[in-house]
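Everything on this sheet refers to the single structure shown next.
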């Protein structure tokens, strides 16, 4: 019955022009097993989008870290610091060690006595309570 003669020629169906994009070229090269796994994962959109966004942000942070992160330089070897030697007071031309220490103590006592411990120059401000509203 397919060969009924109606007098009309057989017309080929016209296919719409297909735009071949980058993704359509790649999708033809992906193995079917991987494509099936991706389609199953993509079908669960509540899981797909958060996982995809978080992996994308992680990848972005890694790339930015590699591009703009400065490697910390290795610490340079330094010598061990030498011990500080503080000499003990020696006899001075003006006298022995006791007279020098006594003079220093006297100077320190005069400096302490000259301090204003009450700090009388720091008086609180006087407040005027005569205010009218």
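Below are the figures for this structure:
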{"quantity": "Quotient of C-alpha Rg and 2.2 N^0.38 Å, computed over the stretch 22-68", "calculated": "1.48"}
{"quantity": "Volume per residue of the C-alpha convex hull in the chain, rounded to whole Å³", "calculated": "612 Å³"}
{"quantity": "Computed helical MRE - 222 nm, the chain, DSSP H runs ≥ 4 contributing -39500 (n - 2.57), nearest 500", "calculated": "-14500 deg cm²/dmol"}
{"quantity": "Rounded to 10°, Cα long-axis angle of helix 32-43 versus longest principal axis of the chain", "calculated": "70 degrees"}
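Quick note: the coordinates plus some simple rules give every number you see, no bench work behind them. These numbers were taken from a predicted model, which means no experiment stands behind them.
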